[in-house]
Structures are given as structure tokens and as C-alpha cells.
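A.B. asks: Dumping the structure here so I can ask a few things about it.
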Amino acid sequence: MSERLLVTIADELDIVRARQEGRALAKELGFGPVDLARIATAISELARNIYNYARPGEIALTRVEAKGKVGLEVVARDHGPGIRDIEEAMRDGYTTSGGLGAGLPGTRRLVDEFELVSNAADGTTVTFRKWLR
């Protein structure tokens, strides 16, 4: 099963749908309750960023395998204005919306692999992977 599930993020209900779909796929893959909560939270943070700053966008959920491990890959992609200062955006406490500033750095802490690519021409793509233990 290497099928890919795509959730378009255009309104607030899509944030909930992305979280639910990601959690369901992670549960199907065998993740336990703690990792299910981490995955759902990470997906919510990324989907909310798309909704707040760059909608529409999309969250792609894919089962992945590497080196005998099984995991979940999540790719959050938008074609918005990009993140001007990635280093600053990855600093704990940084926010442009008046929120807690836990989004991107918090997401990075919840997952095993995290990559962020962003520029004004192409928007932002965040990819994370969480591996079964």
C-alpha cells in the first residue's frame, strides 16, 4: 500500500478532515495512542498554517517504507507568499499571528524527520515522516 491521500485545505473544516484522515491512516499503520496524538497535532499545525497564511493548499498523506521501517509521510504544500525568514520562523515563540508560536518548531519536535522549503515564487512545502517503533 503506497497510495497517497490528498486533502485540500481551503476552509477550517478541512483542517479537521486532514487531522482525522492522518490519524486514521497512522492507526491503520499500527501507531500507538501517543504517536497518534503527535501525528494528529503536527498535521493540524501545518493545515492551520496553510489556512491562515496561504490557502488553498494541500496535505498529502502517504505510507512509506525505508530500511525495513514503515512510517507515515505528510507533505503540506501551498503556493502562498512563502516564509521570508525560515530561521526566525523555526525559532520557538516566533509568531506573526499573535498565537503561541509553537507551530513549526513544535511540529518539528513531534516527528522523526522534518524538512521545510519556502520561497516567494513557489510557496511553502513542509515534509515530515514519523516511523513506527
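A.B. asks: Within segment 57-83, count every residue that is modelled with pLDDT under 95 and either crowded, with 21+ Cβ neighbours inside 10 Å or of a type outside the set (D, E, K, R) (or both).
C.D. replies: 7
A.B. asks: Can you pull out every residue in segment 43-80 that is charged (D, E, K, R), within 14 Å of the chain's Cα centre (by Cα) and outside any strand (DSSP E or B)?
C.D. replies: Glu45, Arg48
A.B. asks: So how many residues does segment 84-119 have that are among the aliphatic types (A, V, I, L, M), at pLDDT below 90 and in a loop (DSSP other than H, G, I, E, B)?
C.D. replies: Result for segment 84-119: 3.
A.B. asks: Check Val7 against each of (1) among the aliphatic types (A, V, I, L, M); (2) in a helix (DSSP H, G or I); (3) within 12 Å of the chain's Cα centre (by Cα) and name the one condition it does not meet.
C.D. replies: (2)
The values are calculated or read from the model by the stated rules, or taken from the named source; none is laboratory data. Small disclaimer: the values here were computed from a predicted structure and weren't measured. Methodologically, a virtual Cβ is constructed for each residue, glycine included, from the backbone with ideal geometry; neighbour enumeration extends over all protein chains shown.
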